[in-house]
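Here is the structure we will look at.
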Amino acid sequence: PSPKKSASPSPYWEFTSKEGYPILVGKNATSNDQLTLKVAKSYHYFFHVQHHAGSHVVVVCPKNLPTLPPETIRDAATLALHYSKLRKTGRGEVNYTLRKYVHKPKKAPPGKVLLYHNKSIYLTLEPQRLERLQKSKKTDKIHFFSK
C-alpha cells in the first residue's frame, strides 16, 4: 500500500507575530479571496499594500481586542510588503482595517477588494524582523495513511 495525501495544502501561509498572534498570508488571488472572505472573521485585521498587487494578510485576534499591539501591526505590514509587487523596493505603504470593512465589488476579479475605515503605515523592510517572521512560518503538514 502506498502512502496517500489526506489533506490538501493550505491556501495560505501562517506566521506568528512577536506577541503570538497568528498572521495568515494568501498565496495567490484566489486564495486571497478565500482567506479574506471565508476564513477571516469580521473582528480580525486585514492588511494589504497600497495601490499595488500583493497578498492579503489577516491577523487572527480575539473579538474583544481594542487594538492590535504595535509590533503585530509592523509584523503584518512587513509580510504584506514582502509578499507584494513592492518587495524589491523594500519599502511602501500598507493599509489595514478590520475585516468587516473589507468588501468585494460585484464582478470584481479574484483578489480585488475595497477597504473602508482603514489606517496606513509606511515602512521599510527590516531584515531582522523578516527573518524572525520567516522562522515562525508553519509548513503545510502532509498526513500519510495506508490502506
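The values are calculated or read from the model by the stated rules, or taken from the named source; none is laboratory data. As the structure is a prediction and not an experimental result, all values here were calculated from the model. Please note: Cβ atoms are built from the backbone with ideal geometry, for glycine as well, and neighbour counts cover all protein chains shown.
Here are the numbers:
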{"quantity": "Residue list for the stretch 61-73, filter: farther than 18 Å from Leu115 by Cα and surrounded by fewer than 18 Cβ atoms within 10 Å (Cβ to Cβ)", "calculated": "Pro62, Lys63, Asn64, Leu65, Pro66, Pro69, Pro70, Glu71"}
{"quantity": "Residues located in the stretch 22-61, provided they are touching a helix residue (DSSP H, G or I) at 6+ places or on another chain (Cβ under 6 Å), aliphatic (A, V, I, L, M) and more than 22 Å from Lys135 (Cα to Cα)", "calculated": "Ala40, Val49"}
{"quantity": "So Leu81, is it under 17 Å from Leu130 (Cβ atoms), buried (at least 21 other Cβ atoms within 10 Å of the Cβ) and modelled with pLDDT of 95 or more", "calculated": "yes"}
{"quantity": "Odd one out for Leu115 among (1) more than 16 Å from Gly20 (Cα to Cα); (2) at pLDDT below 95", "calculated": "(2)"}
{"quantity": "Cross-chain or 6+ apart pairs with Cβ under 7 Å, the stretch 120-133 first and surrounded by 13 or more Cβ atoms within 10 Å (Cβ to Cβ) and basic (Lys, Arg), then at pLDDT below 95 and part of a strand (DSSP E or B)", "calculated": "none"}
{"quantity": "Strands (runs of 3 or more DSSP E) enclosed by the stretch 12-97 - at least 3 residues per element that are touching a residue at least 60 places away in the same chain (Cβ under 8 Å)", "calculated": "12-16"}
{"quantity": "Test: Pro110 is without any contact (Cβ under 8 Å) to a residue 12 or more places away in the chain and either surrounded by fewer than 16 Cβ atoms within 10 Å (Cβ to Cβ) or in contact with a His (Cβ under 9 Å, 6 or more places away or on another chain) (or both)", "calculated": "no"}
